[in-house]
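Remarks on the structure that follows.
Just so you know, all these numbers are worked out from the coordinates, no wet-lab data involved. Quantities reported herein were computed from a predicted structural model and do not represent experimental measurements. All Cβ positions, glycine included, derive from the backbone under ideal geometry; neighbour counts span all protein chains shown.
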Amino acid sequence: MRFFRVTTGVFQAHTYFLICEQTRQTLVIDPGEEFDAIADAIQKERLDVVRIVVSHAHLDHFWSAGALRDMTGAPIHLHPADDFLYTQLPEQGSWFGFDLEDAPPVEVYLKDGDVLTFGREQVRVRHVPGHSPGHVMLYNETDAWVGDCLFASSVGRVDLPGGDGPTLINSIEERIVTLGEHYRIHPGHGPSTTVARELDDNPFLTGRLPGMSRR
């Protein structure tokens, strides 16, 4: 599997493209602002988008989901606990001065443990609430796409509707870090990192995990 990302908009959010190189079937994670940049990447790479996954329903992570659905016919995937945020796209836009239309209906509701295939590749779904109630991450044997749960040297904010600090830290400790130190972590904003690096340097994690911290 090959993957790359495009960073768009005022929020500098990442849209990830996970590609089966044998078939060109592609899973897109978090189609954000600036749909033209996302569409250009799809056309340039000759991608066959078959799944659209929204890691969580904050506007910067599904701004272009409807346009991408219209372009590709691929179904939109979301955890049902974030439905209340997903249906508030116009309201979320108004908070920041943007005039946005309703997002199209979700076609696939995700649950913990789902396996999503695209071509000959697959990723697993893990529910990681805290930043939002229905936040999910996707992962394979080496890489995890974690949305806004965990960042390089930081964690996601919890002051938006549905956020909860203790739940977020528990998700990181029990559902992300436990993947293993070798895992590469690809967040919704900022640089990629690793579990090992975050156990060493992340002030929200250092010393919190007896028997797991590398210090």
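Where both residues lie in the chain, what percent of DSSP beta bridges are antiparallel, nearest 5? Roughly 65 percent of the DSSP beta bridges within the chain come out antiparallel.
If the viscosity is 1.002 mPa s and the temperature 20 °C, what Stokes-Einstein diffusion coefficient in µm²/s follows for the chain when Rh is the Kirkwood radius over Cα pairs? Walk me through the numbers on the way to the answer.
On the way: Rh = 17.2 Å.
In µm²/s, the coefficient rounds to 124.
Scaled against the 2.2 N^0.38 Å expected of a compact globular protein of N residues, the Cα radius of gyration of the range 156-211 reads 1.14. Overall, the range 2-201 carries a charge dipole of about 620 debye about its Cα centre when +1 sits on the Cβ of Lys and Arg and -1 on the Cβ of Asp and Glu, all other atoms neutral.
Only Cα sites of the range 73-128 enter the Debye sum here, all with the same form factor; the resulting log10 I(q)/I(0) across q = 0.14, 0.18, 0.20 1/Å is -0.50, -0.73, -0.82, listed in q order.
Backbone phi angles across the range 24-34, fed through the Karplus curve with coefficients 6.51, -1.76 and 1.60 (θ = phi - 60°), yield HN-Hα couplings of 6, 5, 9, 9, 9, 10, 6, x, x, 5, 6 Hz in residue order; Gly and Pro are listed as x. Computed from backbone phi, the HN-Hα couplings of the range 192-201 come to 6, 8, 9, 4, 4, 5, 5, 5, 7, 10 Hz, rounded to whole numbers (Karplus: 6.51 cos²θ - 1.76 cosθ + 1.60, θ = phi - 60°; Gly and Pro given as x).
Projecting the Cα positions of G162, A103, T26 onto the charge dipole of the range 2-201 (unit charges on Cβ atoms of Lys, Arg, Asp and Glu, taken about the Cα centre) puts T26 furthest along the positive direction.
Residues in the range 102-108 carry Karplus couplings, in order, of 4, 6, x, x, 5, 9, 10 Hz; the curve used is 6.51 cos²θ - 1.76 cosθ + 1.60 with θ = phi - 60°, and Gly or Pro positions show x.
The Cα center of the range 28-42 and the Cα center of the range 118-190 differ in position by 21 Å.
Can you list the GluC sites (Glu not before Pro) in the range 111-215 that are in a DSSP coil and have 14 or fewer other beta carbons within 10 angstrom?
Numbers: sites: E121, E141, E173, E174, E181, E198; in loops: E141, E181.
Taking the range 111-215 and a limit of 14 other Cβ atoms within 10 Å, the loop GluC sites (Glu not before Pro) found are E141, E181.
For the range 8-50, the list of trypsin sites (Lys or Arg not before Pro) that fall in a loop by DSSP and count at most 16 other C-beta atoms within 10 angstrom reads R24, R46. Residues whose amide H comes within less than 5 Å of that of V53, counting only those at least five positions distant or on another chain, are V28, I29, D30, H77 (H built at 1.01 Å from N in the peptide plane).
A DSSP coil position with no more than 13 other Cβ atoms inside 10 Å describes the following GluC sites (Glu not before Pro) in the range 1-110: E21, E101, E107. Between the Cα long axis of helix 35-45 and the first principal axis of the chain there is an angle of about 90°, rounded to the nearest 10.
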